[in-house]
1. Scan region 1-40 for residues that are farther than 18 Å from Pro85 by Cβ and aliphatic (A, V, I, L, M) and jot them down.
2. For region 334-346, which residues satisfy the criterion of being in contact with a helix residue (DSSP H, G or I) (Cβ under 8 Å, 6 or more places away or on another chain) and either without any contact (Cβ under 8 Å) to a residue 60 or more places away in the chain or open to solvent by 50 Å² or more (accessible area, probe 1.4 Å) (or both)?
3. Is there a residue in region 9-22 that is under 11 Å from Ile415 (Cβ atoms), of a type outside the set (Gly, Ala, Ser) and open to solvent by less than 10 Å² (accessible area, probe 1.4 Å)?
4. With the checklist (1) surrounded by fewer than 16 Cβ atoms within 10 Å (Cβ to Cβ); (2) under 21 Å from Arg241 (Cβ atoms) in hand, flag the one item Asp192 doesn't pass.
5. Of the conditions (1) touching a Ser or Thr at 6+ places or on another chain (Cβ under 9 Å); (2) within 27 Å of Val357 (Cα to Cα); (3) part of a loop (DSSP other than H, G, I, E, B), Phe228 satisfies every one except a single condition; which number is it?
6. So, in region 311-333, how many residues would count as being more than 26 Å from Ala170 (Cβ to Cβ) and surrounded by 20 or more Cβ atoms within 10 Å (Cβ to Cβ)?
Amino acid sequence: MAQTLVDHAVDIIRRNDQGSYTVPTHGLYPFQWNWDSALTALGIAFYDEERAWVELSTLMNHQWDDGLVPHIVFHKEDEGYFPGPDVWQTGRKVPTSGISQPPVAGFAARKLFERANDKVLGTAQAKALLPKIDAWHDWFYRCRDPEGTGLVALIHPWESGRDNSVDWDAAFQLVPTDGVMPFQRRDLEHADASHRPTQAQYERYIYLVQLFRNLGWDNSKLHAASPFQIVDPGFNAILIRSCSDLAELADDLGEPEIAARNRARANKGVAAMETLWSETYTQYLCYDRKAGQQVDNPSIAGLLAVVAPIPPNRAQQIGARIMDLGESCRHLVPSQPVISPHFDGKRYWRGPVWLIVNYLISDGLKSAGEEGVAERIISDSLELISNSGFAEYYDPTSGEPCGGKSFTWTAAMVIEFLTQSKAQK
């Protein structure tokens, strides 16, 4: 059964392979997405090491001069997606969006390097990527942490990867919709409307895009100008982990200055994460910079924080919290607690299980010695795949597949669970 699933996963990735990058799935997502691509590289490496490095390199080759790595690269025209290059208008030779996404590239690059069978290739590729990823990390702290707190803010929900999370609801009320251009959504042509963000949410998404576009995508201005400024513990944990991993990679490659910079970023970030801890929920919470207060919602963001090298007692508390959540749902880890009044098991990020988040959480739990909880998450993930196929996400109560089908990063995570988890035992 395990080999059959791995074979199926490889087939899905190959079908979504465009030569130098992969699409998440045909139709719904026809371009290269940032964190999708970096995590997919781990799955590709199982069967083609050189192609895995190409995946990561293609993404980083579209880095902006200021260090930003955009969340979408529009390699070719496709009118089936909105908002396309004509809406973003970032002025790039190869069109891109103008915002970023969870920076997992450092995390992925270290894993690819450590697992490399071809050490000559791995060393050459990692050395080429190292300064680019370092510059991206610098961009985040320079442009999204202007007061030097050690934590960065999102200025658009799409940057989080958790597009319509309950975490954004209150802050989103401050985002107006006056003057939003008329638009036709394309996502509803490929997915059930009840599974997707609402029209009101989309209007606010586009308002923010228009605001930033009117500022010429000047990243020295966007943070201050945005009415949406949320410090997401999961996002920050990924950045912290990538800084930590890049420091280790830099040590291995003989780049002590890059190592020192990123280790300092990671250490400062871990200390700052304590300001997001909630004793009430025994997990981390988002913080709204505009409102000056924590967001009173215990979403998966505060559990994803375990991917960072947080203190062992916090990792243990998060592990216990996840097991408590498992008492009210069939499959871990729900993106919103099932008992929450806001829970919606089928709507994008307001309840469903996502294998990429499960993978990152389980990786962090294993690093912290919380093996039992990690194995429960992995077991639940593989059961979802066996019963419901390689979907974009799943209802945590019924296991029903939702969103896009034949999903690339879901396939990549299955390969990780079935090959790397075994290898680590």
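The values are calculated or read from the model by the stated rules, or taken from the named source; none is laboratory data. Keep in mind the model is a prediction, meaning the values are calculated, not measured. Heads up, the Cβs are rebuilt from the backbone with ideal geometry, glycines too, and the neighbour counts pull from every protein chain shown. These area figures cover heavy atoms from the full protein model, side chains too; ligands, DNA and RNA do not enter into them. Shrake-Rupley method; radii C 1.70, N 1.55, O 1.52, S 1.80 Å.
1. Residues satisfying the conditions are Met1, Ala2, Leu5, Val6, Ala9, Val10, Ile12, Ile13, Ala38, Leu39.
2. Pro337, Val338, His342, Lys346
3. Yes, there is a match, as at least one residue in region 9-22 is under 11 Å from Ile415 (Cβ atoms), of a type outside the set (Gly, Ala, Ser) and open to solvent by less than 10 Å² (accessible area, probe 1.4 Å).
4. It is condition (2) that Asp192 fails.
5. Of the numbered conditions (1) touching a Ser or Thr at 6+ places or on another chain (Cβ under 9 Å); (2) within 27 Å of Val357 (Cα to Cα); (3) part of a loop (DSSP other than H, G, I, E, B), the odd one out for Phe228 is (1).
6. 4
Here's the yes/no breakdown for (1) in contact with a Gly (Cβ under 8 Å, 6 or more places away or on another chain); (2) among the hydroxyl-bearing types (Ser, Thr, Tyr); (3) modelled with pLDDT under 95; (4) open to solvent by 10 Å² or more (accessible area, probe 1.4 Å):
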residue	(1), (2), (3), (4)
Leu246	yes, no, no, no
Leu253	no, no, no, yes
Asn262	yes, no, no, no
Lys268	yes, no, no, yes
Leu276	yes, no, no, no
Arg289	no, no, no, yes
Gln293	no, no, no, yes
Pro298	no, no, no, yes
Ala305	yes, no, no, no
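Results for (1) among the aromatic types (Phe, Trp, Tyr); (2) part of a helix (DSSP H, G or I), shown as yes or no for each residue.
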| site | (1), (2) |
| --- | --- |
| Arg263 | no, yes |
| Asn267 | no, yes |
| Ala272 | no, yes |
| Tyr281 | yes, no |
| Ser299 | no, no |
| Ala305 | no, yes |
| Ile310 | no, no |
| Ala315 | no, yes |
